[in-house]
Every structure is written in structure tokens, then in C-alpha cells.
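Trainee: Got a structure here, written out as C-alpha cells. Questions coming.
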Amino acid sequence: MSFVEYSEFIQEGDVVIVFLGHDSMMQVKVEQGAQTQTRYGVIRHSKDLIGQRFGTKVTCSKGGWVYVLHPTPELWTLNLPHRTQILYTTDIANITMMLELKPGSVVCESGTGSGSLSHAILRTISPTGHLHTVEFHQQRAQKAAEEFREHRVGHLVTVRNQDVCKEGFGVMGVADAVFLDIPSPWEAIQHASNAMKKQGGRMCSFSPCIEQVQKTCEALSEHGFLEISTMEVLLRVHDVRSISLPLPDFGPDQLLESPTNTPVPINASVLCKTTTPPREMAGHTGYLTFATKPRM
């Protein structure tokens, strides 16, 4: 099992997503002889998981059933252990697109945090790209490196434990794109520029406060970055449903030259599809500031 390559069968040591419902999932590491408790009963790893296909419907000890899914960055974002605040798919999708990431891209990231964005980047840049990720907190850096190895993407990523604002990313002139999610991104702009290729590249900074955005934009402009723009992404999901609408009775059609024998149904109605906007929606998460480093 790898987060960047699909495997057909579950093996010992794999991380799987146990799907109990649309609002209930859990990540499980498969181990010989182990058991996992769910509200539907026990899942026995040796009998119910190892050797089964991903996507299998597994019956638990109480008679209920769950699906065992192959992990993806999107599912991992919903089930990962939170060591920090994380980015969710709405922001991640825009970051991936606006940074113009593709297979073979080299990306510098700070900070690693819980690894939500890191897994999405790794899937996008595999199999020949590389991620250089920097985490200030030592224990979080060690845990992230362990997870990358466990998810079999360790060959695609280098984890460094250092202060990006003082020591940079540990590489020079190799990055196609840079992502910053730190309290003072304006202090790391020079290091971001140094890490990027002479041919130029794209940069993104995530900040929850507009004051951070203002300082970051000023620093980007001072260091020669172009096409500076800031966006806020808000997800608004509409509910699609079918409704029955009555047909209005406008009386007999005077334009008919001859009477018709077709009876007009009483209380006739028509079935229509309609959408309803949400009564509640997720609010502000943060601002995404993008910029381009021009060719030197």
C-alpha cells in the first residue's frame, strides 16, 4: 500500500480507512493478530483484512458491516491525527492548481504540521518529483517522517527540523514551487526565493489574518515577486432534490380550431429538480497569497 500508488490487496503493515458511514471513518494500521473495535463489532485483522481486496465489505462481530478503503490524501485529511491545525481539500485543491504542480515538480514546504497538504503534494509530484518540507517542532518533524515512511512515500520527501525563517529550506535553486504556512511568512520570503530555480516559479502563503497578508505582500514585492494576488476560498454546497410543482390552469386554449378529446387532468403537476443553498456553511479558514518569481 502506498499513498501514491494503488494496491489491490491489503497486506500486513498497511494503513486502511474503515468506512462506517459518510460522517464516520477511521484510519487503522493492519497488524497480524490485532483487532479493531467499531460500533458494529470487532474487525479481526488476520481474518477480515489481510489478503482482502481494498473496497471489500467486511462483516463485524455484531453483524454490522463496514467498507475497507484504500487511503488517499483526501481520506487521510479527514482521518489523520491532528498535531496542528490542518488544511482541508477546498484549500488544498486551489493550492495544487495555482502552484502549477505536476509529476516531476520539486516543492519546498514549511511547516509540515500534520502532513495534510504534504500527502496531496506527494501524490501530485510523484513518481519523479520531490518534496522538501521543514518543521520547526522536533517531535512533529520526527512523527511526520515516520508517517511518510509508513505510507511508503519516504523516497519522495525530505523532512528537516529547523527554523525556515533563519535557516531556510536546506536547498538552493531547485524548487519549482514554495508553500509557507508559518506565523511570519514575510521573514522567509528571501529563503523561498533562494530555494527556487533561476527559471522562476510559483509561491503560496497561507495566513489566517489579513495583517499577515499585508506584510507578506509587501515582502514579496520588495523581493521582486510578480503577479501577487490573495484569495479566500469558501465552499458552498447546494442540496439537489426533486419537488412536485402544480401546473397552473389558464382555462381553455382559444387558439384551437377544433375541440380536442384529450382530457385535462385535475390537479396536474410536474416533477422538477431544484437546488437549495445551505442554511449554514463553513466560514473563514485563511487567506491564500500567490506570487510568481520571474526568470532571472
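Trainee: Scan Glu100, Glu146 and give me the residue that is open to solvent by 10 Å² or more (accessible area, probe 1.4 Å), at positive phi and more than 14 Å from the chain's Cα centre (by Cα).
Mentor: One residue alone meets the criteria, Glu100.
Trainee: So which residues in the stretch 187-208 are assigned to a helix (DSSP H, G or I) and farther than 15 Å from Phe290 by Cβ?
Mentor: If the condition is that a residue be assigned to a helix (DSSP H, G or I) and farther than 15 Å from Phe290 by Cβ, then Glu187, Ala188, Gln190, His191, Asn194, Ala195 are the ones that fit.
Trainee: Continuing with the same structure: Does the stretch 218-232 include one or more residues that are at positive phi and not in a helix (DSSP H, G or I)?
Mentor: Of the residues in the stretch 218-232, the ones at positive phi are 224, 227.
Cutting the leftovers down to not in a helix (DSSP H, G or I) gives us 224, 227.
Taking every residue of the stretch 218-232 in turn, at least one turns out to be at positive phi and not in a helix (DSSP H, G or I).
Trainee: Tell me, yes or no, whether the stretch 136-149 has at least one residue that is at pLDDT 95 or above and under 23 Å from Lys197 (Cα atoms).
Mentor: no
Trainee: Which condition from (1) assigned to a strand (DSSP E or B); (2) farther than 20 Å from Gly201 by Cβ; (3) out of contact with any helix residue (DSSP H, G or I) (no Cβ under 7 Å at 6 or more places or on another chain) is the one that Thr158 breaks?
Mentor: For Thr158, the exception is condition (2).
Trainee: State all residues of the stretch 21-47 that are surrounded by 15 or more Cβ atoms within 10 Å (Cβ to Cβ), at pLDDT below 95 and part of a helix (DSSP H, G or I); if no residue qualifies, say none.
Mentor: Hits for the stretch 21-47: nothing passes.
Trainee: Here is a follow-up. Can you find, within the stretch 1-20, the residue that is farthest from Thr72 (Cα to Cα) among those that are more than 21 Å from the chain's Cα centre (by Cα) and surrounded by fewer than 16 Cβ atoms within 10 Å (Cβ to Cβ)?
Mentor: Residue satisfying both the conditions and the ranking: Glu12.
Trainee: Quick test of your reading of the structure: Cys217 fulfils all but one of (1) at pLDDT 95 or above; (2) surrounded by fewer than 10 Cβ atoms within 10 Å (Cβ to Cβ). Name the failing condition by number.
Mentor: (2)
Trainee: Now for a different question. For the stretch 149-171, which positions are open to solvent by 50 Å² or more (accessible area, probe 1.4 Å) and either touching a Pro at 6+ places or on another chain (Cβ under 8 Å) or on the phi < 0 side of the Ramachandran plot (or both)?
Mentor: Arg149, Glu150, His155, Arg160, Asn161, Lys166, Glu167, listed by residue number.
Trainee: Let me ask another. For the condition within 17 Å of the chain's Cα centre (by Cα), open to solvent by less than 60 Å² (accessible area, probe 1.4 Å) and modelled with pLDDT of 95 or more, what is the one hit in Ile125, Ile182, Ile189?
Mentor: Going through Ile125, Ile182, Ile189 in turn, the sole match is Ile125.
Trainee: OK, next. For the stretch 103-112, does any single residue satisfy the condition of being free of Cβ contacts under 8 Å to residues at least 40 places away in the same chain, of a type outside the set (Lys, Arg), open to solvent by 10 Å² or more (accessible area, probe 1.4 Å) and part of a loop (DSSP other than H, G, I, E, B)?
Mentor: yes
Trainee: So which of Thr84, Thr124 is hydroxyl-bearing (Ser, Thr, Tyr) and in a helix (DSSP H, G or I)?
Mentor: Being hydroxyl-bearing (Ser, Thr, Tyr) and in a helix (DSSP H, G or I) holds for just one of Thr84, Thr124, which is Thr124.
The values are calculated or read from the model by the stated rules, or taken from the named source; none is laboratory data. As the structure is a computational prediction, the values presented were derived from the model and not from experiment. As a convention, Cβ positions derive from the backbone with ideal geometry for all residues, glycine included, and neighbour counts pool all protein chains shown. Heavy atoms of the whole protein, side chains included, go into the accessibility calculation; ligands, DNA and RNA do not. Shrake-Rupley method; radii C 1.70, N 1.55, O 1.52, S 1.80 Å.
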